[in-house]
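First comes the structure, then the notes that go with it.
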Amino acid sequence: MVKRRDFIKLAGATGIGLTAAGWSLLAAADGASAPVAVGVPTNTGIKGRVVVIGGGMAGATVAKYLRIWGGTGVDVTLIERDSAYTSNIMSNLVLNGSRTIGSLQYGYGTLASRYGIKMVKGEVATIDPVGRAVTLTGGTRYAYDRLVIAPGVDFDILPGLETAEAQAKVPHAWKAGPQTTALRNMITAMPSGGVFVMSIPAKPYRCPPGPYERACVVADWLKRNRPGSKVIVLDANPNIIAEPNAFTEGFALHGVTYVPSVAISSVDAATLTVNTSQGNFRGNVLNLIPPHRAGKVVAANGLADAGGKWTSVDVLSYEAKVAPGIHVIGDAAATTQPKAGHIANQEAKVCADAILRTFSGRALDPSPHTNSACYSPITFDTASWLTANFAYDPVTKTMQPVPASSGEAAARSQDNFNEMNKWFTALMGDSFA
Ligand SMILES: Cc1cc2nc3c(=O)[nH]c(=O)nc-3n(C[C@H](O)[C@H](O)[C@H](O)COP(=O)(O)OP(=O)(O)OC[C@H]3O[C@@H](n4cnc5c(N)ncnc54)[C@H](O)[C@@H]3O)c2cc1C
């Protein structure tokens, strides 16, 4: 069993040993202060040109650590289509009003000013792996020696939700932003005795505990503000796939109705009804999380070799198996690790280290470690947590969990809730500050 204090340390550890930056993040995790900037060295002797697609958890981190570890000889261009990043992590707390969407937004100014990363606002449309360049939708071309793709996920369209109008009536809010605020408004507009129906896609999807957490947070808010209301969870999986103890207890506490092994056949946005293999469910609010796939730039450029959805990678470097010189990290990569922001941050560090070793003609680290942490609010002031540590297995060539240092909290608590905020501040600071 992992103890709480050990967990905070694990949550802050870097994927490739404790560098100066890693130690500063540990200090931040324990002391709740922002990570200490370590600057960009000028004398590493490493030279190369890296383009990063996507400034989310994975992309921002890889860009930052390429400069911190590689120095000024490593030219890093980060291409992001939005002006600011909105964190998905903690976005379930917008639904119960305890956070605003604005509190989850992170600008790119520090990555540019402190680390000298060249920020480009734009959307990458095409990748030329032979000419080693990417092209934006507007036509501008950026050449690279190594490309890192970190576009997160896109969502399948559920039958019946093909139009923008239907999608607006049934928001998934699984990418934090306007849909999160829309869902919050729908919940507050619910009458007492109302019904909130949500669905969970089959794994893999981003943040395995996230939908169960959402059910608890919404049910807790409804219990206190809209008495007699009900939350129904339709899960495509055969059981609760993350933190089963915490969520079984949370569902019992809030009276959540949990229906496993549900296949959705169609959705009627006009009547807010979802038709499934287990019957039809009608709600005052319908929140259906569709199956995911890697961000569209992946499949559009022939890189979705894993099930047509994700990119297979060598986890010593995150280099795509089908495209030498192109690395894929974060939710878009197919690995044995969960699709999570903390893991995205860890994969980014392993990838940055591998690219820098390659630029300087050194062998890859043969035994990387990564870790994932997730705090899950169960009520407005208590939380549980889950941690998993992974080590490289040279036989299967995959990252495998280290059982002795993985597990879930013994019980939800207010203490965990407070630690959650420290962990979040440290993680986001490590990626964006
Ligand atoms: C409700 C919820 C709660 C969560 N809670 C947790 C948690 O507690 N702990 C945890 O570890 N994880 C959590 N997650 C998961 C976490 O948010 C994701 O796993 C993480 O964001 C993945 O990082 P990423 O960099 O791969 O993708 P993202 O963070 O989504 O970033 C992708 C970026 O790429 C950009 N982009 C995409 N395509 C292009 C293109 N062609 N050109 C330019 N830019 C592009 C996008 O605009 C975006 O900024 C949660 C997720 C949700 C939905």
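If you go through region 283-342 and keep only what is crowded, with 19+ Cβ neighbours inside 10 Å, hydroxyl-bearing (S, T, Y) and not in a loop (DSSP other than H, G, I, E, B), you end up with just T311. Of the residues M420, M399, only one is in a helix (DSSP H, G or I) and open to solvent by less than 10 Å² (accessible area, probe 1.4 Å); which? None of the other options fit; the residue is M420. Go through region 202-221 residue by residue and tally those that are within 21 Å of the chain's Cα centre (by Cα) and open to solvent by 10 Å² or more (accessible area, probe 1.4 Å). So the answer is 7. State whether one or more residues within region 67-84 are under 25 Å from N287 (Cα atoms), more than 14 Å from the ligand (Cβ to nearest atom) and assigned to a loop (DSSP other than H, G, I, E, B). Looking through region 67-84, none of the residues is under 25 Å from N287 (Cα atoms), more than 14 Å from the ligand (Cβ to nearest atom) and assigned to a loop (DSSP other than H, G, I, E, B).
Residues in region 126-136 that are aliphatic (A, V, I, L, M) and open to solvent by less than 40 Å² (accessible area, probe 1.4 Å): I127, A133, V134, L136.
Take T110 and decide whether it is away from the ligand (no atom under 15 Å from the Cβ), more than 29 Å from G302 (Cβ to Cβ) and β-branched (V, I, T). The answer is yes for T110.
Hey, can you tell me all the residues within region 270-293 that are at negative phi and of a type in the set (A, V, I, L, M, F, W, C)? If the condition is that a residue be at negative phi and of a type in the set (A, V, I, L, M, F, W, C), then A270, V274, F281, V285, L286, L288, I289 are the ones that fit. The set of residues in region 121-142 that are part of a strand (DSSP E or B) and either touching a Gly at 6+ places or on another chain (Cβ under 8 Å) or acidic (D, E) (or both) comprises D128, L136.
Yes/no matrix, rows are residues, columns are (1) within 16 Å of the ligand (Cβ to nearest atom); (2) farther than 18 Å from I53 by Cα; (3) of a type in the set (D, E, K, R):
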residue	(1), (2), (3)
W310	yes, no, no
D314	no, yes, yes
A332	yes, no, no
G341	yes, no, no
G361	no, yes, no
S367	no, yes, no
F390	yes, yes, no
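Within region 145-185, restricting attention to residues that are away from the ligand (no atom under 16 Å from the Cβ) and in a helix (DSSP H, G or I), the residue that is surrounded by the fewest Cβ atoms within 10 Å (Cβ to Cβ) is A164. Given the criteria at pLDDT 85 or above, closer than 20 Å to E419 by Cβ and touching a Phe, Trp or Tyr at 6+ places or on another chain (Cβ under 8 Å), does N88 qualify? In short, yes. Within region 288-317, the set of residues being touching an Asp or Glu at 6+ places or on another chain (Cβ under 8 Å) and among the basic types (K, R) comprises R293, K296.
Within region 266-282, the residues that satisfy the criterion of being loosely packed, with under 13 Cβ neighbours inside 10 Å and of a type in the set (S, T, Y) are T271, S277. Restricting the first member to region 116-140 and to residues that are under 16 Å from V76 (Cβ atoms), and the second to residues that are in a loop (DSSP other than H, G, I, E, B), the beta-carbon pairs closer than 6 Å and six or more apart or on different chains are G116/V40; M119/Y108; R132/Y144.
The values are calculated or read from the model by the stated rules, or taken from the named source; none is laboratory data. The shown structure was predicted, so the numbers you read here are calculated from the model rather than taken from an experiment. So basically every Cβ, Gly included, is an ideal-geometry build from the backbone, and we count neighbours across all protein chains shown. Each accessible area value is taken on the protein alone, full model and side chains, heavy atoms only, with ligands, DNA and RNA left out. Shrake-Rupley method; radii C 1.70, N 1.55, O 1.52, S 1.80 Å.
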